Amino acid sequence: PNGKIDRKALPKPSVDGLAVEEYQAPQNEIEEKLVELWCEVLGLEKVGINDNFFDLGGHSLKATILLNKVHKELNTELTLMQLFRHPTIKEMSYILNNINDSKYNVIEKCREKEYYETASAQKRIYMLQQIDKNSTAYNIPIIFKLEGKVDTNRIEKTFIKLIQRHEILRTYFETIDGEIVQKLNKVQEFEFKVEVISCMQNEVQAVVKDFVRNFELDRLPLFRVGLVECSGTTYLLIDIHHIIIDGVSMTILIKEFATIYNGFELKPLRLQYKDFAEWQNRLLKSERIINQKEYWIKKFSDDVEALNLPYDFERPSIRSFKGAKIGFSLDEKSTEGLRNIVRETGSTMNIVIQALLNLLLHKYSGQEDIVIGMPIAGRTHEELDNVIGMFVNTLALRNNPKEEKSFKEFLVEVKENSLYAYENQSYQFEELIEAVNVKRVKNRNPLFDVMLDMSNDFILNIDLDGAILTPISYENDISKFDLTLKVVENTKNLDMWFEYSSSLFKESTINKAIKDFMTIIDTVIKDSNILIGNINILDDDEKTYMIELNEEIANLSSTGFDF
């Protein structure tokens, strides 16, 4: 009435539909320290004490990193469950003030010796490689296009500095008294050369295919680097065996490569991977891991039925790693629809995608007890953040998508199961297989055949003193599982791939799976409370076909045919 703006009546300001809370500064010393840690982990300059960690770009890996830093700096240990349920600095500060201190234990450096213990994940990969020593299934190749001036000598010297910095890059493996051990070469004994290859433009794919070849785990090197000169275009090829590196480590390697190449110094490492391996082996005998073991054994106390998918071919008698992949994307509108569900349920995109994949597998198999594998970073200690090596563990996530549940109800269950799995992530997958006495067969994986791999830490374009290093897709013909859904969350959309065993599925079947998966996504975005039994993946033509088929069967039955 007085002509002034009624500010209380205005909607809260928002960015891309997300309400922006009014900034509130830290009120005490603990909140100030938490703001500092949040900014460091999330890569932000300013965070308010009422901001939501997951709305700011947090996910399970960043959450683990944050909790490790909180433990180190404040000598108090929080759980992932507590962070998900209290995702603001104000709430976190209250919890920290009301729980007992938990001493932060440093990882001790191990003494120098002839050989060292291997980590659990290394043992697993070593044994898998022995099944077929010529296989490249456990190679991790990455390819970059180089635009600008290329200095081959400088690239080689940079990798030599990385080899000096990270002992794992000059590590090989032997079996001594029945135990798999790792041995290190001294820096001065390790010779490293970049392979320089010239070819014509139409030969690039063949050159790359030849570059990715098997490694012998008992001899160096277990990684190689190549420069391909091709009709004026240069490609940088890196191929590393999974036993010495994982996805997060590859990102660290590339970032450090760029830092050294550009003339900057890196902070010295206090720990090496061998220190982690010995620390982990002690941890696996601790009371904490015994408690985690009890959780997993209870989770798999009864038998798991093998997933029955619409296979096109009979399963080979020995597991084949022959595979292919098909990519697809979720547009900006649908991605925002999923993000709305994430915010409404206090979950993460990873958890929502996991629930959606469960629904697809349920619709195809008719089964209501489904296990999906998911890799987890395995860096459960703050001092491991910049160490290169193989840390990844696999979580076997068991859920029950039943027809009478609504999608949102099921999503809450998936969230709770995921959080408990994250809380117990240090118990190793191969230990679980032994503990629950899973029957091993040569032609399929134990416990699950489908994997979800959602990456939040990926490599972007890199500046090498004026030259631009751009990652490009590598068409690898490997699939370790029957089906793997790979997801990369970008600012505005989701990029996805179905990697599949071409010994089991036709390309047309996977294209159909993509279409059905998108249908499920569209359905739950429109109504997240829909019953699972009411989610329909048949299009109009398929519905008509099924109706006509059922009518034909009914007519034949009425004439005396017995079905």
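The values are calculated or read from the model by the stated rules, or taken from the named source; none is laboratory data. A quick note: this is a predicted structure, and the numbers were derived from the prediction, not measured. In this analysis, Cβ positions are derived from the backbone assuming ideal geometry, glycine residues included, and neighbour counts consider all displayed protein chains. Calculation scope for accessible area: heavy atoms of the full protein, side chains included, ligands and nucleic acids excluded. Shrake-Rupley method; radii C 1.70, N 1.55, O 1.52, S 1.80 Å.
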Determine whether TYR235 is open to solvent by less than 40 Å² (accessible area, probe 1.4 Å) and touching a Phe, Trp or Tyr at 6+ places or on another chain (Cβ under 9 Å). yes
The stretch 385-410 - residue that is part of a loop (DSSP other than H, G, I, E, B) and touching a Lys or Arg at 6+ places or on another chain (Cβ under 7 Å) and, of those, surrounded by the fewest Cβ atoms within 10 Å (Cβ to Cβ): ASP385
Taking the conditions exactly as written (surrounded by 12 or more Cβ atoms within 10 Å (Cβ to Cβ), at pLDDT 90 or above, of a type in the set (Asp, Glu) and assigned to a loop (DSSP other than H, G, I, E, B)), does ASP51 satisfy them or not? yes
Let me confirm something: among MET374, MET349, which residue is over 20 Å from THR519 (Cβ atoms), in contact with a strand residue (DSSP E or B) (Cβ under 7 Å, 6 or more places away or on another chain) and open to solvent by less than 20 Å² (accessible area, probe 1.4 Å)? MET374
Please specify each residue of the stretch 160-191 satisfying the condition of being at pLDDT below 95 and among the aromatic types (Phe, Trp, Tyr). PHE190
Only one of (1) open to solvent by 10 Å² or more (accessible area, probe 1.4 Å); (2) more than 26 Å from LEU460 (Cβ to Cβ); (3) of a type outside the set (Ser, Thr, Tyr) fails for ASN262. Which number is that? (2)
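Answer yes or no as to whether VAL70 is of a type in the set (A, V, I, L, M), over 27 Å from LYS415 (Cβ atoms) and out of contact with any strand residue (DSSP E or B) (no Cβ under 7 Å at 6 or more places or on another chain).
no
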Please verify whether the stretch 290-313 includes one or more residues that are closer than 27 Å to TYR427 by Cβ, in contact (Cβ under 8 Å) with a residue 60 or more places away in the chain and among the hydroxyl-bearing types (Ser, Thr, Tyr). yes
So which pairs qualify, if the first residue must be in the stretch 359-384 and without any contact (Cβ under 8 Å) to a residue 40 or more places away in the chain, the second must be assigned to a loop (DSSP other than H, G, I, E, B) and of a type in the set (D, E, K, R), the Cβ gap must be under 6 Å, and the two must be at least 6 apart or on different chains? GLU368/LYS402
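Could you please let me know if GLU413 is over 23 Å from ASP482 (Cβ atoms), open to solvent by 60 Å² or more (accessible area, probe 1.4 Å) and either assigned to a loop (DSSP other than H, G, I, E, B) or without any contact (Cβ under 8 Å) to a residue 40 or more places away in the chain (or both)? Reasoning before the result, please.
Working: over 23 Å from ASP482 (Cβ atoms): yes; open to solvent by 60 Å² or more (accessible area, probe 1.4 Å): yes; either assigned to a loop (DSSP other than H, G, I, E, B) or without any contact (Cβ under 8 Å) to a residue 40 or more places away in the chain (or both): yes.
Judged against the criteria, GLU413 is a match.
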Show the residue pairs meeting these rules: Cβ distance below 8 Å; 6+ apart or different chains; first residue within the stretch 265-288 and among the polar types (S, T, N, Q); second residue open to solvent by 30 Å² or more (accessible area, probe 1.4 Å) and in a helix (DSSP H, G or I). GLN272/GLU167
In the stretch 155-189, the residues that are closer than 17 Å to TYR235 by Cβ, buried (at least 17 other Cβ atoms within 10 Å of the Cβ) and of a type in the set (D, E, K, R): none
Which pairs turn up if I take residues in the stretch 64-82 that are more than 16 Å from SER93 (Cβ to Cβ) and look for partners that are of a type in the set (Val, Ile, Thr) with beta carbon separation below 8 Å, at least 6 apart in sequence or on another chain? THR64/THR380; ILE65/VAL41; ASN68/THR380; LEU80/THR64
Of (1) over 30 Å from SER406 (Cβ atoms); (2) in contact with a Lys or Arg (Cβ under 9 Å, 6 or more places away or on another chain); (3) among the charged types (D, E, K, R); (4) surrounded by 16 or more Cβ atoms within 10 Å (Cβ to Cβ), ARG270 fails just (4)
Filter the stretch 132-149 down to residues that are more than 28 Å from LYS480 (Cα to Cα) and surrounded by 15 or more Cβ atoms within 10 Å (Cβ to Cβ), then give me how many there are. 2
The number of residues in the stretch 284-312 that are under 23 Å from the mean Cα position of the chain (by Cα) and either of a type in the set (Ser, Thr, Tyr) or within 30 Å of ILE168 (Cβ to Cβ) (or both) is 6
